[in-house]
Amino acid sequence: MTTQLNKVFLGDTPSDQRKFLTAAFRFLKDKYPTVVLPAVGQFTLAKCAIEAGYERENIFTSDISLYSSLLGYIYSGKRIDDLNPVLAEEYRGRYEACQSETEKAAYLIWLMKTKQLKTGIVYERLVYDDLIERREIHIARIASKLEAFRSYYRGINYEVADLRKIVVRNDTPTLVAINPPVFRNGYAKMFDFDNAIKWDSGVAEFDFQKEYKALYEQTKALPSPYIWYRWRSVEGFDPREVIFAKEYDIDKRDYWLCTKPEILKDFKYNRTVDFMTSTGLKPYPAPVFTDGGKLTEHSKISFVSVSEDVALYYRDLFAHKLGNTHAEQYFLMLIDGQVFATVGFMTTALFRLESDRVFENYGFNAPVKNLPRANRLLMMAITCKEFGDVIRRHASKVNRIYKLNGLRTTCLSKYRKVKLNNGILDVESCERIREGKPNGGMYKIVYDTAFHDLTFVQVVSKFLMEEKALRV
């Protein structure tokens, strides 16, 4: 199971964190020969413990999803029937015909995946059709993998259990490591099987935002050391307890904390907090369109495809550090060979035939004093038909059957309308964000517009006419 579409459990611990935790477990295992791993997911931390030298019978795991429980029951030698999954009538016969525990688990995992896929999406429909048409081949393949995994994990302990209760056990000498669910109702969304399978652990999902801090503080008072995963921010936590930190993105930071960091004081491992810098960003070999730049009726607009590091160089230059503005295709807009703007687009929905629009994820222009409405020129350029040809030219390696007819984007505004976009973008919806939420009180405006029947030459002409009319 190598791609997201082939996975049932969406989420994994990055390799650099696995290496760190394996080394930490190895350092601690003699002092703490028992390790407890609540919210074990797909058993990544269990593998880290095994690789670190923990005896399998001293590894105690738990979770509340049917997927993790199927794996846990296979690995710990329990009967799948004891989980009591309730199948719809049309699937019960095939399940009852299974000859082994691994085949039962494999069939349920196969069924889970078919119910996760969105058949209205062309690409996912192709995967779904293959799963259905070659059902027995896929089930046999999954069963074979489960047999191999069972050989590796055999002997570990597993139970369906609430992590809230597991982590407050006062067992010593015991090491506890927890990678809790981050997203609210993530399990409910990931494991919604459209009534094909019904299974209830009887445990309410963990609410990371509301419950994490209190439970972490509770474990600090216990004699056993607890290693906790933490997402995005460690504000309000003792910085001495941060034992691993890495910034993968401006909006994605991962941390691991330890309630008793003194146990790692002699741990010889590079635990330097690793944050991204702008040193990897680089400029395009062209001057920037500055205050001295002139836009005339003879000015030429062009777009060049660039890599992410080049596009983000100009994003930081024009707009300073912002949140997540990653995209799938990046372009610089040039005016007379000078860098005027940087834009990023998402194209997945277009190429999967889910939409006939390209989505503008961000667009920033150079601040030019003598062109205060410069962003309007940018929006006029990327909503004209000639820009559609730019996207098509740089998408030659993807499918050729998509239809590109326009652009979608969103923006946040203090007001219901953004005057600069009038006459360019059509408003699809406008919703005020509730107070108390990020950007509360502002309006989220969704735009969806067909490409205007203009060329870049005509865009320049039209923009200059508008500017002239404003000065009259």
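The values are calculated or read from the model by the stated rules, or taken from the named source; none is laboratory data. Just so we're clear, the structure is a prediction, and the values are computed from it rather than from any experiment. Here Cβ is always computed from backbone atoms with ideal geometry, including for glycine, and neighbour counts include all displayed protein chains. The accessibility values were calculated without ligands, DNA or RNA, using every heavy atom of the protein model including side chains. Shrake-Rupley method; radii C 1.70, N 1.55, O 1.52, S 1.80 Å.
Observations on the structure shown:
- Accessible area per residue in Å² at 1.4 Å probe, computed on the range 324-375: 36
- 0 to 90° range, to nearest 10: angle between helix 135-153 axis and the chain longest Cα axis: 60
- The gain in end-to-end length when the LYS19 to GLU159 segment is fully stretched comes to 47.8 nm, 0.36 nm per residue minus the alpha carbon separation.
- R0 of 22 Å, Cβ-Cβ distance ALA349-MET442: FRET efficiency to nearest 0.05: 0.30
- Between ARG134 and ASP336, the FRET efficiency estimated from the beta carbon spacing at R0 = 45 angstrom works out to 0.20.
- Relative contact order for the chain: 11 percent, from Cα pairs under 8 Å spaced at least 6 residues apart, divided by residue count.
- Each 5 Å bin, from zero up to the one with the longest distance, holds this percent of the alpha carbon pairs of the range 47-201: 1, 8, 16, 19, 20, 16, 11, 6, 3, 1, 0.
- VAL234 paired with ALA469, simple spin-label distance in nm, labels 7 Å along Cα-to-beta-carbon: 5.7
- Whether the range 339-466 is rounded, prolate or oblate, judged on the alpha carbon gyration tensor where a/c under 1.5 counts as rounded: oblate
- In the structure shown, the pairs LYS165/LYS220; LYS210/LYS260; LYS118/LYS417; LYS29/LYS213 are assessed against 25 Å; a Cα-Cα span above that value is assigned to LYS118/LYS417; LYS29/LYS213.
- Annotation: amide H-H contacts under 5 Å for PHE340 (H modelled 1.01 Å from N, sequence separation of 5 or more, or interchain): PHE289, MET333, LEU334, ILE335.
- Reachable lysines, given that their alpha-carbon falls under 30 Å from the alpha-carbon of LYS419 and they are not under 8 places away in the same chain: LYS294, LYS300, LYS321, LYS369, LYS385, LYS403, LYS437, LYS444, LYS462, LYS468
- Acute angle (nearest 10 degrees) that the helix 66-76 long axis makes with the longest principal axis of the chain, alpha-carbon atoms: 40
- Solvent-accessible surface of the range 36-107, taken per residue with a 1.4 Å probe and all protein chains present: 37 Å².
- The range 376-385 - phi-based ³J(HN,Hα) in whole Hz, Karplus 6.51/-1.76/1.60, Gly and Pro as x: 5, 4, 4, 5, 4, 5, 7, 10, 9, 4
- Ignoring lysines fewer than eight residues from LYS113 along the same chain, the ones with Cα atoms less than 24 angstrom from its Cα are LYS7, LYS47, LYS78, LYS104, LYS145, LYS189, LYS198.
- Shown in residue order for the range 253-264 are the 3J(HN,Hα) couplings computed by the Karplus curve 6.51 cos²θ - 1.76 cosθ + 1.60 at θ = phi - 60°: 10, 10, 9, 10, 10, 10, 5, 10, x, 5, 5, 10 Hz (x for Gly and Pro).
- Projection of the Cα convex hull of the chain, averaged over all directions and equal to a quarter of that hull's surface, yields 26.5 nm².
- Just the protein heavy atoms count here, and of the accessible area of the chain at 1.4 Å, carbon and sulfur take up 50 percent.
- Cα long-axis angle, helix 122-133 against the chain (0 to 90 degrees, to the nearest 10): 30
- Helical runs (DSSP H, four residues minimum) scored at -39500 (n - 2.57) apiece and divided by the length of the chain put the mean residue ellipticity at 222 nm at -10000 deg cm²/dmol.
- DSSP loop GluC sites (Glu not before Pro) with at most 11 other Cβ within 10 Å: longest gap in the chain: 1-234
- Database remark: amide H of MET442 closer than 5 angstrom to the amide H of ILE433 (H placed geometrically; neighbours at sequence offset of 5 or more, or on other chains; Pro and chain starts carry no H).
- 3J(HN,Hα) from dihedral phi, the range 196-209, Karplus parametrisation 6.51/-1.76/1.60, rounded to Hz, x for glycine, proline: 5, 10, 10, 7, 10, 6, x, 10, 6, 4, 6, 9, 4, 5
- Separation of the range 356-429 from the range 47-73 is 49 Å, based on Cα centroids.
- Column: log10 I(q)/I(0), Debye, Cα scatterers of the range 36-129, q = 0.20, 0.24 Å⁻¹: -1.01, -1.18
- Added length on full extension, which subtracts the Cα-Cα distance from 0.36 nm per residue, GLU431 to GLN458: 6.4 nm
- Using the Cβ-Cβ distance between ARG393 and LYS31 with R0 set to 45 Å, the FRET efficiency from 1/(1 + (r/R0)^6) comes to roughly 0.15.
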